[in-house]
1. Quick one: accessible area per residue over region 81-132, 1.4 Å probe, rounded to a whole number of Å²?
2. Checking the a/c ratio against 1.5 first, then a/b against b/c, what shape does the Cα gyration tensor give for region 105-156?
3. Whole-Hz Karplus ³J(HN,Hα) for region 109-125, in order, using 6.51 cos²θ - 1.76 cosθ + 1.60 and θ = phi - 60°, x for Gly and Pro?
4. Where a ≥ b ≥ c are the square roots of the eigenvalues of the C-alpha gyration tensor, would you call region 53-156 rounded, which needs a/c under 1.5, or, failing that, prolate if a/b is larger than b/c, or oblate?
Amino acid sequence: MKRTLLFAALIAFPVMSAIAAPVAEKPLMEGKPYAEQRLRIMNDLQGGEVYSEISAENRMRVVDALGRIDALLGKGGHASLPDKDKIEVFNDQDLVNTLLTQAREDSRLVCRRERPVGSNRPQNICITVAARRQARENGADTLRDLRISTQKVETP
């Protein structure tokens, strides 16, 4: 009986999590007015909250791609573009969506209740996903460097 219940729960869990998981909207979507989407993206880039973890290089790549889309769509609507230009717009749109989706995910603030070293009182620690990843990588690098330096000292 317990095995059947456990098996049913294990099968139902992925289905339930897929239903509950929110689908993130892409920054640039077809069928919506481009000018409004571009304005929202530029405001979010300037505000520094939604895309706070975007690098300066990626920010410039997004702005350049939006400029190229503006230049191509300035000739007329999307429907009147030649196939070559439609492909360029699609590629730039994909670039913008990829960079901004990653930046939005990295900028997400995650809070945890942790006990600082030397204290028994837990505190709320809120850090962005990118900062948490960077701290983990720095810790791994420091540990690796420590192991390498202790191995050098031990060898005669």
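The values are calculated or read from the model by the stated rules, or taken from the named source; none is laboratory data. If you're wondering where the values come from, they're calculated on a predicted model, not measured in any experiment. Areas reflect the complete protein model, heavy atoms only, side chains present, ligands, DNA and RNA absent. Shrake-Rupley method; radii C 1.70, N 1.55, O 1.52, S 1.80 Å.
1. Per residue, region 81-132 has 68 Å² of solvent-accessible surface.
2. Oblate is the answer for region 105-156, as a/c is 1.5 or above yet b/c matches or exceeds a/b.
3. Residue by residue, region 109-125 yields 8, 10, 10, 9, 9, 10, 9, x, 4, x, 9, 9, 8, x, 10, 7, 10 Hz.
4. Details: a/c = 5.52, a/b = 2.21, b/c = 2.50.
Oblate is the answer for region 53-156, as a/c is 1.5 or above yet b/c matches or exceeds a/b.
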